[in-house]
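Step one of this worksheet: look at the structure below.
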Amino acid sequence: MISQSLLEEFQAKVGADNVFSEDTDRLTYSYDAAVLEPVMPGLVVRPATGEALGQVVRLCNQNRIALTVRGAGTNLSGGTIPIAGGVVVVTNALNRIEEINEQDMYAVVQPGVVTAKLAAAVEAKGLFYPPDPGSQAVSTLGGNVAENAGGLRGLKYGVTRDYVMGLQFFDVDGQPIKTGSRTVKCATGYNLTGLMVGSEGTLGVFNKITLKLIPLPQDRKSMVAVFDEMGSASEAVAAIIASHVVPATLEIMDNFTIRAVEDYSHAGLPKEAAALLLIEVDGHPAQVADDAAKVETICRQMGAADIRVAKTAAERDKVWAARRTALSALAKLRPTLVLEDATVPRSRIPAMVKAIQAISARYGLAIGTFGHAGDGNLHPTILTDRRDKAEWKKVEAAITDIFDQALALGGTLSGEHGTGIAKSCYLEKETSPATILYSRRLKAALDPNNILNPGKIIGG
Amino acid sequence: MASVKELTRLMKKLEDQLVVCMRCGMCQAVCPVFAQTGREADVARGKLALLDGLMQEMFKDPQGVCERLNRCLLCGSCAANCPSGVSVMEIFLQARAILAGFMGLPPAKKAILRGMLAHPELFDHVMAWGAKFQKIFTREVNDVIGTSCARINSPLIGDRHFRGLAEKPFHRLLPALDTAPAKGRPRAAFFVGCLLDKFFPDIAQAVVAVLQSHAVGIFMPPGQACCGIPAVSAGDTQTFGKLVRHNLALFEAGRFDYLVTACATCTSTIRKVWPMMLREETAALRARVEKMAAKTLDVNQFLVDEVGLLTCDRQKDGEPVAVTYHDPCHLKKSLGVAAQPRAVITANPDYRLIEMPEADACCGMGGSFNLQYYELSAGIGRRKRDNIQASGAVVVATGCPACMLQISDTLSRAGDRVAVRHPVQLYAESLRSKP
């Protein structure tokens with residue numbers, strides 16, 4: 001329980017309007033987008049200045065209260081589900097883009113800036129911030145950095161990690177820590193930036209983020225390749241990568257997903273196709289023409305029945321609109337949707353696809369597979385009804401099998417959704433007992449009272 | 001007050017709809033209230049979680065849930081943008097009805113809805129008195145928009161700039177119509193709606209004039225009641241049912257192919273909310289409601305899709321007037337009507353349509369939301385005002401009289417001189433000036 005006097009202290013730091021203590025308000029911060037049980041926080045605060053944010057962290061530590069930072073609450077691994085009775089710190093009032101530097105190509109933002117808003121603001125200046133997680137219309141950059149979020153462009157442009165030049169964050173005492181720089185090169189101190197990216201709020205609380213920007217590509221070309229077999233489509237992915245062409249985006253969709261998307265959006269996808277590859281190449285016009293021709297040749301060699309190249313911007317938009325509706329279309333089929341993101345080395349995509357099909361058959365579960373095949377990050381999506389206890393048991397077993405397969409193929413439990421609480425118990429399988437111990441010692445040294453989002457990533 | 005157990009039982013009927021929300025949070029991108037406050041309880045995901053929590057007895061605060069549920073414009077932006085297709089409108093309206101039934105309506109709402117709105121004749125009388133006396137308490141502030149404000153400090157008016165009640169409501173100017181169409185032309189029933197009748201009789205007159213120009217037969221029975229949206233939004237299903245039955249009986253007496261309204265909210269209420277909220281009624285009543293709903297059309301859609309606009313081949317002398325269009329949520333998000341009102345506007349060569357940024361963003365009116373949460377509503381309105389200004393237009397048109405009230409207020413308070421019109425009024429002008 002949070003005492004009246006402590007409540008008043010929080011109110012004094014962030015303003016009474018920005019402290020929510022009623023049951024009814026706290027309940028709305030008990031969940032995120034992961035399929036996990038909600039947990040009631042003890043208090044919710046919404047600081048509107050960096051200074052107040054630091055004071056909130058300090059106050060939590062002084063009073064030994066667990067603190068969970070929350071942006072838009074779109075986390076898919078439970079990283080923003082609070083600790084019972086703990087404090088949720090909402091960052092969406094810290095939503096200022098402080099600087100977009102066109103000469104030096106970087107931006108400085110507060111953690112609550114919405115990803116798509118930054119992307120639009122820099123694009124208006126002819127610059128490009130490539131990471132585009134599926135939730136970018138609402139997700140915050142603080143959340144993206146804390147989760148090392150990915151997106152459709154990971155293959156060529158990398159993920160959030162590749163764009164974080166520097167951070168200013170609060171340690172558990174609320175002291176400001178500076179890491180990284182506005183310079184392209186920076187070789188001073190420990191690489192704390194690297195440590196903080198993907199740390200899911202367990203090691204510090206971000207206050208300012210410096211992000212790298214790049215020039216907007218001059219040209220782009222999109223195409224859809226139609227395959228009669230999922231196997232040949234996934235082999236085409238591996239072949240494109242092996243030929244050293246790097247498309248900006250290389251997405252796969254299985255028949256189950258194709259049918260769901262087509263029934264929902266009538267985008268003109270071939271419902272009988274076993275698999276589709278959705279491909280975009282970008283860059284200098286000459287290179288775009290070259291790469292597109294190469295990709296087309298490889299797809300034909302690997303048995304593509306048909307290749308459709310988007311001729312206009314409208315046709316191009318239609319291709320990506322169809323891809324973006326995949327999750328929605330699948331979500332409409334059953335009440336519960338479990339979106340996994342186990343990831344394998346790209347050459348192992350064909351084996352992973354086969355394994356997922358076998359798992360779907362073994363448990364009699366509907367699994368739609370789509371995702372970022374080009375970077376090895378598939379999204380096997382299990383459709384179920386959580387209220388059906390017998391089926392839910394099968395779902396849990398299937399998830400374990402998917403993880404085991406990904407690890408057996410030299411992959412990872414999560415490409416972009418993070419460990420959170422959903423995957424923390426599997427982390428040792430991917431790493432080693434010593435890795436967990438090392439991580440726990442690090443955490444204990446930096447957060448001796450274990451108040452920074454405890455239980456996430458490394459359990460405990 | 002009934003027992004909490006009973007409330008839980010009633011909430012259970014929403015379970016199959018509530019479970020569809022996967023908490024993805026995409027509604028945060030489009031909710032106008034959330035954009036102002038950043039509070040999870042203000043966005044659909046938070047409200048759905050609250051209803052779910054109440055159903056599962058995770059906490060016991062029906063009063064608190066009710067209050068938060070009411071902080072919603074019912075604009076439907078979330079539903080239109082929902083990946084999983086949650087029936088947000090139906091859940092919210094049903095939940096408001098359950099909670100109002102459980103706790104009882106607040107006395108003021110009860111007096112207005114059951115004491116007045118449910119009795120169309122009495123409602124007309126009271127409003128007629130209001131029209132007579134409003135000038136004593138108010139003064140004109142903006143002659144282009146036609147707004148007034150309070151002369152003295154008034155808790156009811158606050159610092160609103162409002163469009164006053166018309167001196168004579170439409171039903172006094174033209175009580176009824178029943179005309180035959182020209183050969184091959186359809187018959188349209190005209191559902192006037194409260195705001196057109198009492199605030200904007202000139203729009204109702206324009207509708208009649210336009211329909212007559214198209215040689216459409218018009219059936220307009222006297223004694224029309226409210227469509228029921230204020231009642232059902234407050235959770236008062238009793239008054240809502242009464243109003244639906246009253247209007248059904250009134251209109252069923254005539255012969256017509258379409259039921260036309262010039263109010264986005266009335267159209268979407270009759271088309272969607274009537275069938276949605278009367279699912280538990282007798283099969284006979286449901287059949288009547290479904291039949292009426294299927295015939296109901298927005299006037300712009302009727303003109304463009306069903307009868308065809310009359311083209312004006314007259315040359316315009318001088319610069320055409322710049323007009324911008326605001327998409328009412330209940331037309332675009334609820335019914336998918338967006339192209340037709342624009343076609344109606346541009347049918348008049350005296351006007352040139354310029355799109356404003358975020359034309360389909362909610363204006364923040366939301367009926368009684370504006371009365372309960374004026375500051376929040378005004379904040380959303382200011383953004384609409386800025387977008388209208390950015391377009392550079394001197395006229396803003398929109399197909400909903402409720403949006404017109406809100407837009408008039410926000411423009412007038414900013415001191416802008418931008419006229420607020422209905423697309424049909426602009427179209428009527430071109431038909432009038434036809435050689």
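The values are calculated or read from the model by the stated rules, or taken from the named source; none is laboratory data. The structure displayed is predicted, hence computed values, not measured ones. Cβ: placed from backbone, ideal geometry, glycine included. Neighbour counts: every protein chain shown.
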Subject >> Lone qualifier among B:A128, B:A100 - being outside any loop (DSSP other than H, G, I, E, B), in the same structural domain as B:G64 (by TED's automatic domain parsing) and surrounded by 13 or more Cβ atoms within 10 Å (Cβ to Cβ) >> reply: B:A100
**OP:** Output the helices (runs of 4 or more DSSP H) that fall wholly within the stretch B:246-303 and possess 3 or more residues being surrounded by fewer than 19 Cβ atoms within 10 Å (Cβ to Cβ), or say none.
**Re:** B:283-295
**OP:** Would you be able to tell me the number of residues in the stretch A:273-317 that are among the polar types (S, T, N, Q) and buried (at least 19 other Cβ atoms within 10 Å of the Cβ)?
**Re:** 0
**OP:** Mind listing whichever residues of the stretch A:1-43 are crowded, with 17+ Cβ neighbours inside 10 Å, in a loop (DSSP other than H, G, I, E, B) and away from chain B (no Cβ under 13 Å)?
**Re:** A:I2, A:G42
Subject >> Yes/no for A:V122 being within 14 Å of chain B (Cβ to nearest Cβ) and either over 22 Å from A:D32 (Cα atoms) or not in a helix (DSSP H, G or I) (or both) >> reply: no
Original post:
In the stretch A:1-49, how many residues are within 15 Å of A:R70 (Cα to Cα) and not charged (D, E, K, R)?
Top reply: 20
Original post:
For B:V65, are the conditions met, namely being more than 10 Å from chain A (Cβ to nearest Cβ), among the β-branched types (V, I, T) and closer than 28 Å to A:A48 by Cα?
Top reply: no
Original post:
Taking the condition under 30 Å from A:V35 (Cα atoms) and part of a strand (DSSP E or B), does A:V281 pass?
Top reply: no
**OP:** Keeping to the stretch A:79-93, report how many residues are away from chain B (no Cβ under 11 Å) and either of a type in the set (S, T, N, Q) or in contact with a helix residue (DSSP H, G or I) (Cβ under 9 Å, 6 or more places away or on another chain) (or both).
**Re:** 5
Original post:
Of the residues that make up the stretch A:99-121, is at least one surrounded by 24 or more Cβ atoms within 10 Å (Cβ to Cβ) and touching a Cys at 6+ places or on another chain (Cβ under 6 Å)?
Top reply: no
Original post:
Hey, which of the helices (runs of 4 or more DSSP H) in the stretch B:1-77, taking only ones fully inside, have at least 1 residues that are touching a Phe, Trp or Tyr at 6+ places or on another chain (Cβ under 8 Å), farther than 19 Å from A:V35 by Cα and without any contact (Cβ under 8 Å) to a residue 60 or more places away in the chain?
Top reply: B:62-70
**OP:** State whether one or more residues within the stretch A:98-116 are in a helix (DSSP H, G or I), farther than 26 Å from A:P176 by Cα, within 14 Å of chain B (Cβ to nearest Cβ) and modelled with pLDDT of 95 or more.
**Re:** yes
**OP:** Give the residues of the stretch A:431-460 that are of a type outside the set (A, V, I, L, M) and either under 21 Å from A:V35 (Cβ atoms) or in the same structural domain as A:A84 (by TED's automatic domain parsing) (or both), sorted by residue number.
**Re:** A:N453, A:G455, A:K456, A:G459
Original post:
So, in the stretch A:380-390, of the ones that are within 14 Å of chain B (Cβ to nearest Cβ) and surrounded by 16 or more Cβ atoms within 10 Å (Cβ to Cβ), which residue ends up farthest from B:V19 (Cα to Cα)?
Top reply: A:T381
Original post:
When the residues of the stretch B:1-16 are filtered to those that are more than 10 Å from chain A (Cβ to nearest Cβ) and within 29 Å of the chain's Cα centre (by Cα), which remaining residue is surrounded by the most Cβ atoms within 10 Å (Cβ to Cβ)?
Top reply: B:M11
Original post:
Given the conditions (1) buried (at least 21 other Cβ atoms within 10 Å of the Cβ); (2) more than 19 Å from A:G42 (Cα to Cα), and given that B:V65 satisfies all but one, which numbered condition is not satisfied?
Top reply: (2)
Original post:
Can you find a residue in the stretch B:38-46 that is within 28 Å of A:S139 (Cβ to Cβ), in contact with a Cys (Cβ under 6 Å, 6 or more places away or on another chain), more than 9 Å from chain A (Cβ to nearest Cβ) and at pLDDT 95 or above?
Top reply: yes
Original post:
Tally time: how many residues in the stretch A:322-356 are of a type in the set (S, T, N, Q) and out of contact with any strand residue (DSSP E or B) (no Cβ under 8 Å at 6 or more places or on another chain)?
Top reply: 3
Subject >> Filter result (within 21 Å of B:H330 (Cα to Cα) and either among the hydroxyl-bearing types (S, T, Y) or crowded, with 24+ Cβ neighbours inside 10 Å (or both)) within the stretch B:412-423 >> reply: B:V420, B:H422, B:P423
Original post:
Can you name the helices (runs of 4 or more DSSP H) wholly within the stretch B:324-435 that have at least 3 residues being at pLDDT 95 or above?
Top reply: B:329-335, B:339-346, B:374-391, B:401-413, B:423-432
Original post:
Does A:G189 meet the test of being of a type in the set (G, A, S) and surrounded by fewer than 18 Cβ atoms within 10 Å (Cβ to Cβ)?
Top reply: yes
Original post:
Do we have any residue at all in the stretch A:228-238 that's in a strand (DSSP E or B) and buried (at least 19 other Cβ atoms within 10 Å of the Cβ)?
Top reply: no
**OP:** Collect the residues in the stretch A:239-267 that are aliphatic (A, V, I, L, M), part of a helix (DSSP H, G or I) and under 18 Å from A:H379 (Cα atoms), keeping them in residue-number order.
**Re:** A:I258, A:A260, A:V261
Original post:
Restricting attention to the stretch A:44-73, which residues are within 14 Å of chain B (Cβ to nearest Cβ), of a type in the set (A, V, I, L, M, F, W, C) and crowded, with 21+ Cβ neighbours inside 10 Å?
Top reply: A:V44, A:V45, A:A72
**OP:** Being of a type outside the set (A, V, I, L, M, F, W, C) and either in contact with a strand residue (DSSP E or B) (Cβ under 9 Å, 6 or more places away or on another chain) or crowded, with 24+ Cβ neighbours inside 10 Å (or both) is the filter here, so list the residues in the stretch B:386-411 that pass it.
**Re:** B:N387, B:S391, B:G392, B:T398, B:G399, B:P401, B:Q406, B:S408, B:D409, B:T410
Subject >> Considering residues of the stretch A:151-198 that are within 21 Å of the chain's Cα centre (by Cα) and at pLDDT below 95 only, the residue nearest to A:R70 (Cα to Cα) >> reply: A:G151
**OP:** Scan B:A378, B:A343 and give me the residue that is in contact (Cβ under 8 Å) with a residue 40 or more places away in the chain and either closer than 20 Å to B:V141 by Cβ or more than 18 Å from the chain's Cα centre (by Cα) (or both).
**Re:** B:A343
**OP:** Check every one of the helices (runs of 4 or more DSSP H) wholly within the stretch A:295-372 and list those with 1 or more residues that are within 14 Å of chain B (Cβ to nearest Cβ) and touching a helix residue (DSSP H, G or I) at 6+ places or on another chain (Cβ under 9 Å).
**Re:** A:313-324, A:326-331
Subject >> Complete set of residues in the stretch A:115-157 that are β-branched (V, I, T) and more than 21 Å from A:M105 (Cα to Cα) >> reply: A:V138
